[in-house]
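Beneath this line is the structure, given in structure tokens, with notes to follow.
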Amino acid sequence: MSISFSLKFPIKPFKIINSDSKILLSGSCFTEHIGNFLQSSGFSTTINPFGILYNPVSIANSLNFIIDNKVFCEEDLHLTHEKKYISFDHHGRFSGIEKNDILDNINNEINKSHLFLKNADCLIITLGSAWAYSHLALNKIVANCHKVPNKEFSKSLLPLDLITEKLNTVVEKIKNFNDKISIIFTVSPVKHLADGIVENQQSKATLILSIKNIVENNQDYCYYFPSYEIVTDELRDYRFYENDHAHPTPLATAYVWERFVNACFDNDAAEKVKDSAIIEKYLNHKQITSSDLPNPDIFKKIEAYIKKYNK
């Protein structure tokens, strides 16, 4: 009898990322891991211009704001009980006590992202959770509660139809804004255990089904990469999670990155990833000799890398 305690499933490749691709990423904290891998591999990227976002409605709203090049003003900010100004459309890194600084930061990021998205080759959207919080007084789904008292919000599992409608609408708008762009959807493998085990699975299933609908309706330029399934079904062991049993370890995210490169990168882009790793290894290598001068091979390799990829 043959017993296997792991499963590696095939991923149908879609080699849409090349060595010159400009990539915007939006969504959960897992987006930032993939974005950091892309940056360290020499790709031009913009990562989470609204900060980390989890629910699909807030992600769709942020992309609409970027396309519209929305200018946030004082009325868009909220003063919390901690005397901090926050935006319910943004992550907490866009908050503070100086509202003018916050608005400058928000609007500069939107403007840069607007210009970047207009010329981007790929947009990667990582959905984190279908559970969302609505601010009761504002009658609005928020991206982050910012430690505002719970009594000001209601929590609900977003309906499949609503998610599909919101994402389909923004996908169409993105394509009209930039007709050359391709969009990769994925679902974060991070477990939202605070919602409950069953509730987390309901959430992930809802997100996966909504993406299925969107990809099927836009097969020419929308794709699905199974980050969630890789961690939960291929790795499938709490050794690959941090001590909180929710966040994948660096080893797990590196494994997903490897699968991502194999599925989504053409040969030149995959070679760029390898070349970048070699350069990074050389730059991080400690000199064993007594000389403070760096190994001359480093300069040769960097020069060759720049000549190859900075065309």
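The values are calculated or read from the model by the stated rules, or taken from the named source; none is laboratory data. Nothing here was measured: the structure is a model prediction, and the numbers come from that model. Here the Cβ positions follow ideal geometry from the backbone for every residue, glycine too, while neighbour counts run over all protein chains shown.
Looking across Phe50, Phe37, one residue alone is over 28 Å from Lys166 (Cα atoms) and among the aromatic types (Phe, Trp, Tyr). It is Phe37.
What residue, of Ser154, Ser210, Ser182, Ser188, is farther than 30 Å from Phe240 by Cβ and among the small types (Gly, Ala, Ser)?
Sole residue among the options that is farther than 30 Å from Phe240 by Cβ and among the small types (Gly, Ala, Ser): Ser154.
Residue-level analysis places His81 outside the set of residues that are modelled with pLDDT of 95 or more, outside any helix (DSSP H, G or I) and not assigned by TED's automatic domain parsing to the domain that holds Asn178. Of the candidates Leu103, Leu63, the single residue that is farther than 18 Å from Phe177 by Cβ, in contact (Cβ under 8 Å) with a residue 24 or more places away in the chain and not in a loop (DSSP other than H, G, I, E, B) is Leu103. The set of residues in the range 40-57 being surrounded by fewer than 24 Cβ atoms within 10 Å (Cβ to Cβ), modelled with pLDDT of 95 or more and assigned to a helix (DSSP H, G or I) consists of Val57 alone.
Could you identify the single residue in Asn243, Asn213, Asn178 that is in contact with a Lys or Arg (Cβ under 8 Å, 6 or more places away or on another chain), in the same structural domain as Glu32 (by TED's automatic domain parsing) and of a type in the set (S, T, N, Q)?
Result: Asn178 is the single residue among Asn243, Asn213, Asn178 that is in contact with a Lys or Arg (Cβ under 8 Å, 6 or more places away or on another chain), in the same structural domain as Glu32 (by TED's automatic domain parsing) and of a type in the set (S, T, N, Q).
Yes or no, residue by residue, for (1) of a type outside the set (Val, Ile, Thr); (2) out of contact with any strand residue (DSSP E or B) (no Cβ under 9 Å at 6 or more places or on another chain):
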position: Leu136; (1), (2): yes, no
position: Asn144; (1), (2): yes, no
position: Lys151; (1), (2): yes, yes
position: Val187; (1), (2): no, no
position: Ile197; (1), (2): no, yes
position: Ser210; (1), (2): yes, no
position: Tyr224; (1), (2): yes, no
position: Ser227; (1), (2): yes, no
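Per the listing Ser203, Ser227, Ser188, Ser210, the residue uniquely at pLDDT 95 or above and either in contact with a Pro (Cβ under 6 Å, 6 or more places away or on another chain) or at positive phi (or both) is Ser227. If you filter the range 24-39 down to residues that are surrounded by fewer than 20 Cβ atoms within 10 Å (Cβ to Cβ) and not polar (S, T, N, Q), you find that the one that is nearest to Ala120 (Cα to Cα) is Glu32. In this structure, Phe65 does not satisfy being in the same structural domain as Val142 (by TED's automatic domain parsing) and surrounded by 24 or more Cβ atoms within 10 Å (Cβ to Cβ). When Ser203 is tested against (1) assigned to a helix (DSSP H, G or I); (2) out of contact with any Asp or Glu (no Cβ under 8 Å at 6 or more places or on another chain); (3) surrounded by 14 or more Cβ atoms within 10 Å (Cβ to Cβ), only condition (2) is not met. Among the residues of the range 132-144, those that are assigned to a loop (DSSP other than H, G, I, E, B) and either free of Cβ contacts under 8 Å to residues at least 24 places away in the same chain or farther than 15 Å from Phe50 by Cβ (or both) comprise Leu136, Ala137, Leu138, Asn139. Please determine whether any residue of the range 43-52 is polar (S, T, N, Q) and at positive phi. Among the residues of the range 43-52, at least one is polar (S, T, N, Q) and at positive phi, which makes the answer yes.
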